[in-house]
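Following: one structure in structure tokens, then a few remarks.
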Amino acid sequence: MNFKNKVVVVTGAGSGMGRELVLQLIAKGAHVAAVDFNETTLKETVALVNSSISKISLHVLNVADTEAVAALPEAVISAHGHVDAIINNAGIIQPFVRVNDLSFEAIHKVMDVNFFGLLAMTKAFLPLLLKRPDAHIINVSSMGGFLPVPGQSVYGASKAAVKLLTEGLYAELRETNVRVSVVFPGAINTNITANSGVHMELPKDMNPKDYKTLDAGKAAQIILEGIERNQLHIYVGSDSKFMNFLYRLAPTFATNFIAKKMRGLLG
Ligand SMILES: NC(=O)c1ccc[n+]([C@@H]2O[C@H](COP(=O)([O-])OP(=O)(O)OC[C@H]3O[C@@H](n4cnc5c(N)ncnc54)[C@H](O)[C@@H]3O)[C@@H](O)[C@H]2O)c1
């Protein structure tokens, strides 16, 4: 997709990769419907945009609220006239505990935002996207969506569901005008832990140098370039690319490798 003059909906636009996606989309000449449930940070994103260049609309909304999501297309159409792409980027992690210690409340919260919210967005916008000459659905999964990370098993399950859903959409929409991409970020430098209401302390014996993170702006750049190339799979960061390779080559070895590396997080 060439973003010039396209209308793109971005969820999770108030922080991290979502904010960077908005700013870079605007720089590429797109019009953006920016969605987040955090009104304060969403307004901060909008304030960073030079609105004389492109049009940006602001939508305060919880993607896990099915009724609110069903009403969103109308709001976007009334702001922009049509919609060409959606980037389902909003997401949260789970508390860093084993499944045995994870409450059903926390489990439902993660699935409601990461999977059902993304699915509701997709179903709300797909009928409109099918009417456009060149449309795109982009769903943000995670490296944890193909590789198990201890202490994030339900988060991983929600992101694996996003992966398969998106690949299924790709197969179903192959002969339409709607392109489909799934994004697998590795470790990216954002506030996702605090934004998810999760407390995490790096154990003392962990060397922060072993846990390099990618800048959110660089991550957004890789994502947008992947969309411009109509890539189905977009791997973000050398960790995601390497672990994808390793997991395909030797899944059990890769699982044990990450389990050992992340062992300290579980206490
Ligand atoms: N940061 C990482 O290392 C990493 C790695 C892999 C995948 N991801 C995924 O990338 C996406 C973006 O993450 P990020 O790191 O930029 O996080 P972030 O916390 O910086 O940004 C996420 C934004 O989504 C918003 N949000 C959360 N739940 C919402 C809801 N129910 N409705 C509307 N808005 C909501 C938050 O308010 C926040 O502004 C997420 O889907 C995340 O799972 C992140």
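Would you say Ala160 is modelled with pLDDT of 95 or more, within 19 Å of Lys261 (Cβ to Cβ) and surrounded by fewer than 20 Cβ atoms within 10 Å (Cβ to Cβ)?
Working: modelled with pLDDT of 95 or more: yes; within 19 Å of Lys261 (Cβ to Cβ): no; surrounded by fewer than 20 Cβ atoms within 10 Å (Cβ to Cβ): yes.
Judged against the criteria, Ala160 is not a match.
So that you can scan it fast, the table gives a plain yes or no per residue for (1) touching a Leu at 6+ places or on another chain (Cβ under 6 Å); (2) at positive phi; (3) in a strand (DSSP E or B):
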position: Leu126; (1), (2), (3): no, no, no
position: His136; (1), (2), (3): no, no, yes
position: Ala160; (1), (2), (3): no, no, no
position: Thr166; (1), (2), (3): no, no, no
position: Tyr170; (1), (2), (3): yes, no, no
position: Glu175; (1), (2), (3): no, no, no
position: Val183; (1), (2), (3): no, no, yes
position: Ala194; (1), (2), (3): no, no, no
position: Glu201; (1), (2), (3): no, no, no
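Considering only residues that are away from the ligand (no atom under 14 Å from the Cβ) and either of a type in the set (Asp, Glu) or modelled with pLDDT under 95 (or both), which ones fall in region 59-93?
Glu74, Asp84
Among the residues of region 225-267, count how many are surrounded by 12 or more Cβ atoms within 10 Å (Cβ to Cβ), more than 17 Å from the chain's Cα centre (by Cα) and aliphatic (A, V, I, L, M).
9
Out of everything in region 24-56 that is more than 13 Å from the ligand (Cβ to nearest atom) and in a helix (DSSP H, G or I), what residue ends up being surrounded by the most Cβ atoms within 10 Å (Cβ to Cβ)?
Leu25
Only residues that are of a type in the set (Asp, Glu) and within 17 Å of the chain's Cα centre (by Cα): list them for region 27-64, please.
Residues of region 27-64 of a type in the set (Asp, Glu): 36, 39, 44.
Within region 27-64, Asp36 is the sole residue that qualifies.
Restrict the check to region 172-181 and report whether at least one residue is within 16 Å of the ligand (Cβ to nearest atom), at pLDDT 95 or above and more than 18 Å from Ile92 (Cβ to Cβ). It would help to see each step written out before you state the result.
So the first thing to find is which residues in region 172-181 are within 16 Å of the ligand (Cβ to nearest atom), and the list is 181.
Those left that are additionally at pLDDT 95 or above: 181.
Pick out the ones that are also more than 18 Å from Ile92 (Cβ to Cβ) and you get 181.
The answer is yes; a qualifying residue exists.
I'm trying to understand the selection: among the residues of region 75-97, which are closer than 20 Å to Ala135 by Cα and either among the aromatic types (Phe, Trp, Tyr) or not in a loop (DSSP other than H, G, I, E, B) (or both)?
Ala75, Val76, Ile77, Ser78, Ala79, His80, Ala85, Ile86, Ile87, Asn88
So which of Val140, Val154 ends up being surrounded by 23 or more Cβ atoms within 10 Å (Cβ to Cβ), within 25 Å of Ala250 (Cα to Cα) and of a type in the set (Val, Ile, Thr)?
On the way: Val154 fails: surrounded by 23 or more Cβ atoms within 10 Å (Cβ to Cβ).
Answer to the check: Val140.
Among the numbered criteria (1) out of contact with any Pro (no Cβ under 9 Å at 6 or more places or on another chain); (2) farther than 22 Å from Lys261 by Cα, which one does Gln94 miss?
In the conditions (1) out of contact with any Pro (no Cβ under 9 Å at 6 or more places or on another chain); (2) farther than 22 Å from Lys261 by Cα, Gln94 misses (2) alone.
For Asp112, are the conditions met, namely being modelled with pLDDT of 95 or more and closer than 27 Å to Ile258 by Cα? Walk me through how you get there before you give the answer.
Values: modelled with pLDDT of 95 or more: yes; closer than 27 Å to Ile258 by Cα: yes.
Judged against the criteria, Asp112 is a match.
If you take the residues of region 7-23 that are within 15 Å of Ala85 (Cα to Cα) and assigned to a helix (DSSP H, G or I), which of them is farthest from the chain's Cα centre (by Cα)?
Looking at the filtered set, the residue picked out is Val22.
The values are calculated or read from the model by the stated rules, or taken from the named source; none is laboratory data. None of these values were measured; they are calculated from a predicted model. Quick reminder, even Gly has a Cβ in these numbers, built from the backbone with ideal geometry, and neighbours come from all protein chains shown.
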